[in-house]
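Worksheet: one structure, shown below.
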Amino acid sequence: MTSIDVRDLTKEYGTRRAVDHLTFSVRPGRVTGFLGPNGAGKSTTMRLVLGLDRPTSGAATVGGRAYASLNEPLRHVGALLDAHAAHGSRTGRDHLRVLAASNRIPVRRVDEVLEETGIASVARRRVRTYSLGMRQRLGIAAALLGDPGVVMLDEPSNGLDPEGIIWIRELLRRLAAEGRTVLVSSHLMNETASFADHLVVLGRGRLLADTPMREFIDARVQPRVRIRTTDPTALKRVLARHGHDAVEHADGYWSVHHARVDDIGLLTSAAGVPILELAADEGTLEQAYLDLTASEAEFTAPPQEV
Amino acid sequence: MEFTPVLRSEWLKIRTLRSLCGTLLAVFAATTAFSALAGLSGSSDPDFDPLFTSLSGVMPGQIAAIAFGAMAVSTEYHGNGIRLSLAAVPRRGRWFAAKVTVIAVPALAVGLVTAFASLLAARAGLGSAANGLTVAEQARGVVGCGVYLMLMALFAAGLTALLRSGVATLSLLIPFILVVSFVIGDAAGGITDFLPDRAGQVVLHETYDGTPGPWTGLAVTALWTAAALLAGAWRLRRRDA
């Protein structure tokens, strides 16, 4: 299968550097979440990969080749950049037929992706009558048209309703399970946490992180154990004896920092402390992301207009 | 990438936009209707030229041809649709060549049919006043008119690719054709005879004096068109999409 390789990629618009010596790879078989605040260079990077913008220096390749050199590129890479790219006066089906024709994709695929993205019933309506969620699905349908090994989606959950968000999550998981290379940009942390295996984080056009999502969180957020008991005194005593520190929260539970449930569970049961609830309080992607951005000095400066 | 699928895709784009088909229809309707009216309004003018009178509907009709060429390109810039088009066909030169072809062919076909219909409609009104026209002159007028309409559509297409905006193209070309060329062109000869529209219109006249002649005039318009298309292609290839 094919991966996306970005090597020392730099893009300047006038004096503004949108992408700054970026190097990373997106591997097949997993969903890579592409994170960063607005203006961090996510969309620019995607346009550079697609050969739409010319890099100032460096290169981006798909499967080792420049996108522009691909024969019938929609069969290799499917991308959603902008849900508004479809012309409002065309029907959704005609929009896809036009794209399919240019890459010799059979019309049968048009009807398949319309079915797959759940917009078959509105396929013969003009795109201008579509809701944002429907346009987003049409954009995803266009990305899937050529059954590509690489799928790149820029903010795909924009405008989707709750069912749509669940649908896109399952779609992304499935695409990765089929061995495809999946890159999905987002600025929504909880959303990304629900589908990503791996993360590439940008800030001001530079690479801040390129790690598996679990590692990214574990490295930045200390694990905690959440515990409820009927006998706080006994709990505190047993924890203190083993060097743990318990903090009480207002709504009646205690949290133990730098600890794992496996250890705390054994300790408390051995000491006969009555336990009502014992749970791992795992760090969230949002906490880890905020920790990362806080440690980036640049982000603490007042935001500049981009 | 092969050219034929790209061509098919671009042709499908034209066919699936009702507004584009509408402007082609407008070329036919406006040109024929105004030519028929000109035929009815008689031949009392001392400068009366039966061939030009029969094809004079082109003056308003060409606006629709320009709109067709401009819109066929400007629809790509709508909502950054151009990115989707160039992601599907990254060879930009080839893509633009296909785009130009699917503008040229229908514009020429509609132009020829329109010119022929205009001639018939106007001659019905003119009656014996147009009897002096030879078959060769009429054939020259019809073919020249078709080619002229195609060249104006392509001129607008090239400008739109250069300016990346149909509105900018139309607000440049339409005042130019309606006002500048019309007013200045009637006032003086010389350099104005080489303006893109004036030069190409020589072919629509039965009698003409000096340079450019009917075919050289069309060639001048073709040069303008080629320059606009090359400028548009240059912008498309050089710029970020």
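The values are calculated or read from the model by the stated rules, or taken from the named source; none is laboratory data. The structure displayed is predicted, hence computed values, not measured ones. Cβ coordinates were reconstructed from backbone atoms using ideal geometry, including for glycine residues, and neighbour counts include every protein chain displayed. The protein model used for the area step is the full one, side chains on, heavy atoms only, and it has no ligands, DNA or RNA in it. Shrake-Rupley method; radii C 1.70, N 1.55, O 1.52, S 1.80 Å.
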Exercise for review: Using only the Cα atoms, work out Rg/Rh for the protein assembly as shown, with Rh taken as the Kirkwood radius, to two decimals.
Suggested key: 1.19
Check your understanding: If you build a Gaussian network model of chain A, linking Cα atoms that sit under 10 Å apart, which residue out of A:Val273, A:Val201, A:Val98 swings the most?
Key -> A:Val273
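List the equivalent ellipsoid semi-axes of segment A:1-158 in whole Å, largest first, each obtained as the square root of 5λ for an eigenvalue λ of the Cα gyration tensor. Numbers along the way, then the final one.
Details: eigenvalues 161, 62, 37 Å².
In descending order, the three semi-axes are 28, 18, 14 Å.
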Revision key, fill the gap. Helix B:3-15 sits off the longest principal axis of the Cα atoms of chain B, rounded to the nearest 10 on a 0 to 90 degree scale, by 60
Point to revise | Listed residues B:Thr225, B:Thr101, B:Thr169, most fluctuating in chain B (Gaussian network, C-alpha, under 10 Å) | key: B:Thr101
Exercise for review: Return the single residue from B:Leu163, B:Leu126, B:Leu84 with maximal mean-square fluctuation; model: Gaussian network over chain B, springs between Cα atoms under 10 Å.
Suggested key: B:Leu84
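Tell me what chain A gives for mean residue ellipticity at 222 nm when only DSSP H runs of n ≥ 4 count, each as -39,500 (n - 2.57), the sum divided by the residue total, rounded to 500 deg cm²/dmol.
Numbers: 11 runs with 108 residues, N = 306.
Computed mean residue ellipticity for chain A: -10500 deg cm²/dmol.
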Revision key, fill the gap. Taking a probe of 1.4 Å and leaving out DNA, RNA and ligands, segment B:3-238 shows per residue an accessible area in Å² of 41
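Can you divide the C-alpha Rg of segment B:63-208 by 2.2 N^0.38 Å and report the result to two decimal places? Mind dumping the intermediate values first?
On the way: Rg = 17.8 Å, N = 146, 2.2 N^0.38 = 14.6 Å.
Normalised Rg, Cα atoms only: 1.22.
By accessible area of protein heavy atoms, probe 1.4 Å, what ranking do A:Asp262, A:Asp291 get, highest first? Before the final figure, lay out the partial values.
Numbers: A:Asp262 95, A:Asp291 65 Å².
These residues rank, largest area first, as A:Asp262, A:Asp291.
Leaving out ligands, DNA and RNA, what percent of the accessible area of segment B:3-238 is carbon and sulfur, probe 1.4 Å?
70
With a sphere of radius 15 Å drawn around the Cβ of B:Met71, what net charge do the other residues whose Cβ falls strictly inside it have (Lys, Arg +1; Asp, Glu -1)?
Details: positive: A:Arg90, B:Lys13, B:Arg15, B:Arg18, B:Lys99, B:Arg164; negative: B:Glu10, B:Glu76.
Overall, the nearby charge balance is +4.
Do the sum for chain B: with -39,500 (n - 2.57) for every DSSP H run of n ≥ 4, divided by all residues, what is the mean residue ellipticity at 222 nm, to the nearest 500 deg cm²/dmol?
Numbers: 11 runs with 182 residues, N = 241.
That comes out to -25000 deg cm²/dmol.
Quick one: putting +1 on the C-beta of Lys and Arg, -1 on the C-beta of Asp and Glu, what dipole do you get for segment B:3-238 around its Cα centre, in Debye to the nearest 20?
Details: 16 positive and 11 negative charges, 343 e Å.
So the magnitude is around 1640 debye.
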Review point. Can you give the accessible area buried between chains B and A, summed over both chains, with a 1.4 Å probe, in Å² to the nearest 100?
Key: 2700
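So, counting K/R as plus one and D/E as minus one, what does the shell of residues with Cβ under 10 Å around A:Thr181 add up to? If you can, show how the numbers build up before the last one.
Numbers: positive: A:Arg27, A:Arg30, A:Arg180; negative: none.
Net charge in that neighbourhood comes out at +3.
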Practice item. From other protein chains only, count the Cβ atoms within 10 Å of every residue's Cβ in B:27-37, then give the mean. Key: 0
